[in-house]
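This report refers to the structure that appears directly beneath it.
Each reported figure results from applying straightforward, stated rules to the coordinates on display, with no laboratory input. Just so we're clear, the structure is a prediction, and the values are computed from it rather than from any experiment. All Cβ positions, glycine included, derive from the backbone under ideal geometry; neighbour counts span all protein chains shown.
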Amino acid sequence: MEVFMGIKMSDVGQLCPDVLKAYLKNYSLKLSASEIAKEVKIERRTVSRILNKLVIFNLINYSIQGKNKLFYFDLKKMSTFSLLNLVEINNSINFNFKNKEVSVIISKLLDFFEGIIVFGSYASSKEKDGSDLDIVLLGEKNNHILEDIKKISLIEINEHFVNYKEFKEILKRKNPLAIEISKNHVLFGNFSAIIKIFLEDKLNG
């Protein structure tokens, strides 16, 4: 994406989505440039430059805590919602490049499900040979389609069917699995609907 909210991404830094990936495990985090650099494995000076430009463009905020400058999102702003969409989409694209077999499975499933959330070992890049693919399938339950895909898949699929309302409720009830998914995920399909659920959960505490 070359232009975001009327701002040229080249003016902010093409690594912006990669830098902000550090916030995907918790949209309400307050992080220093050093913490983000360590998390995303990008040079601290580059991270700091991008964050400060985002502040100038009023896309993120910061507070001072001791000697540290902590950067964070204003979760009530529309620009935050839009920026998180960009970051989550970038995360899914990078995931597809690294996981070709899984991307084929996801592509087939997206023909029948509105949204998909990958979590577990694949989402955290800790999968091994024989690891299951843990996924949440959002939308109308369709066992027949899933079974057909399982028959041709070389990866064992561990699925959870849920609609958006149900997912919102189990997250609100602090269900351990839902909390794990909110902290460690890769989104596909209806990004906006899933991000909105994560945002509302953080805003409501």
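Go through the stretch 101-116 residue by residue and turn each phi into a ³J(HN,Hα) via Karplus (6.51, -1.76, 1.60, θ = phi - 60°); whole Hz please, and just put x for glycine and proline.
Computed from phi, the couplings for the stretch 101-116 are 5, 5, 4, 5, 4, 4, 4, 5, 5, 5, 6, 10, 10, 5, x, 9 Hz.
For a quick check, take a GNM of the chain with Cα springs below 10 Å and name the residue from Tyr27, Tyr164, Tyr122 with the largest mean-square fluctuation.
Tyr164
Mind pulling up the Rg/Rh value for the stretch 99-203? Radius of gyration and Kirkwood radius, both on Cα.
Computed over Cα atoms, the ratio is 0.95.
Convex hull over the Cα atoms of the chain, averaged projected area in nm²?
For the Cα atoms of the chain, the hull's average projected area reads 12.1 nm².
Mind giving me the nanometre distance, one decimal, between the label points for Ser103 and Met78, set 7 Å out from Cα along Cα→Cβ?
A separation of 3.3 nm, rounded to one decimal place.
For the stretch 168-205, which trypsin sites (Lys or Arg not before Pro) pass both filters: DSSP loop (anything but H, G, I, E, B) and at most 16 other C-beta atoms within 10 Å?
Arg173, Lys174
Just to confirm a number: summing +1 for Lys and Arg and -1 for Asp and Glu over residues other than Lys172 whose beta-carbon lies under 14 angstrom from that of Lys172, what do you get?
Summing Lys/Arg as +1 and Asp/Glu as -1 gives +2.
Straight-line reach from Lys196: which lysines fall under 20 Å, measuring Cα to Cα and dropping same-chain residues less than 8 apart?
Within reach: Lys21, Lys25, Lys30, Lys76, Lys77, Lys165, Lys168, Lys172, Lys174, Lys183.
Less than 15 Å Cβ to Cβ from Lys67, Lys/Arg counted +1 and Asp/Glu -1: what total charge do the surrounding residues give?
Summing Lys/Arg as +1 and Asp/Glu as -1 gives +2.
For the Cα atoms of the chain, what angle does the longest principal axis make with the long axis of helix 143-152, in degrees from 0 to 90, nearest 10?
Value to nearest ten degrees: 90.
Could you check what % of the DSSP bridge pairs in the chain are antiparallel, to the nearest 5?
Taking every DSSP beta bridge with both residues in the chain, the antiparallel ones total about 75 percent.
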